[in-house]
Amino acid sequence: FYDLHVLRQAHSTFANVTILREAYPLDLIMNPLDAGARGLKEGDTVLVRSRHGKVLRPAHITPEMMPGVCALGQGAWVEMDEEEGVDLAGCVNVLHGAIPTGQGHQGWNSCIVQVEKWRGGALLPDYQWPQRLIF
């Protein structure tokens with residue numbers, strides 16, 4: 001798993017802009033071979049788990065992603081479902097944890113994850129969520 005920069009926001013700046021959320025969905029990107037092995041299809045809500053945490057995201061399936069690797073855009077604001085213990089917004093920091101590399105930076109660019117179909121129902125698109133205003 002790795003995180004990437006996306007058109008929708010710059011890190012977390014603009015992550016709360018509804019029209020950008022609609023224009024550029026924050027989907028988990030994966031290869032069709034990996035999706036097929038898990039019984040996933042385009043748009044399915046998937047649970048992404050690492051040893052540090054769990055997030056939910058819609059799946060975007062494309063042969064442009066290398067088999068065995070998946071990716072998610074960085075910068076989402078955490079929207080934690082405390083009851084389920086899962087972040088609904090797909091914040092990559094929930095998956096990475098804080099692991100110092102010893103090289104003067106944190107190891108936040110990649111981690112090992114498991115992906116499976118979410119059995120709790122479809123995830124409402126985040127552009128339909130109420131906008132959070134921070135003052």
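The values are calculated or read from the model by the stated rules, or taken from the named source; none is laboratory data. Predicted model only: the values in this text are computed from it and were never measured. Note: ideal-geometry Cβ built from the backbone for every residue, glycine included; neighbour counts use all protein chains shown. Just so you know, the surface numbers come from the protein's heavy atoms only, side chains and all, with ligands and any DNA or RNA stripped out. Shrake-Rupley method; radii C 1.70, N 1.55, O 1.52, S 1.80 Å.
If you plug the beta carbon distance of LEU124 and MET66 into 1/(1 + (r/R0)^6) with R0 = 41 Å, you get a FRET efficiency near 0.85. Under the convention that each Lys and Arg Cβ holds +1 and each Asp and Glu Cβ holds -1, the size of the dipole of segment 16-135 around its Cα centre is about 220 debye. Sorting 43-52, 87-96 by average packing, meaning the other beta carbons within 10 Å per residue, from highest down gives 87-96, 43-52. Separation of segment 1-31 from segment 44-65 is 14 Å, based on Cα centroids.
Protein heavy-atom accessible surface, 1.4 Å probe, per residue over the chain: 59 Å². Computed over every Cα-Cα pair of segment 1-58 and binned at 5 Å starting from 0, the pair-distance distribution P(r) comes out as 4, 15, 22, 23, 21, 10, 4, 0 percent.
Taking the Cβ of GLU79 as the centre, find all other residues whose Cβ is under 10 Å away and add up their charges (Lys, Arg: +1; Asp, Glu: -1). So the surrounding residues net to -2. Projected onto its three principal axes, the C-alpha set of segment 12-113 covers 37, 32, 29 Å, listed from the longest axis down. Of the accessible area of segment 1-96, computed with a 1.4 Å probe over protein heavy atoms only, carbon and sulfur atoms account for 56 percent. The GluC sites (Glu not before Pro) found in segment 1-101 that occupy coil by DSSP, while having at most 15 further C-beta atoms within 10 Å, are GLU42, GLU64, GLU82, GLU83, GLU84. Can you tell me the relative contact order of the chain? Whole percent, Cα pairs under 8 Å, sequence separation 6 or more. Normalised by residue count, the contact order of the chain is 31 percent.
Calculated FRET efficiency, ILE134 to TYR2, Cβ-Cβ distance, R0 = 41 Å: about 0.90 to the nearest 0.05. Within the shell of other residues whose beta carbon sits under 14 angstrom from the beta carbon of ASN16, the net charge comes to 0, with Lys and Arg scored +1 and Asp and Glu -1.
In the chain, helices alone account for a calculated mean residue ellipticity at 222 nm of -2500 deg cm²/dmol, with every DSSP H run of four or more residues adding -39,500 (n - 2.57).
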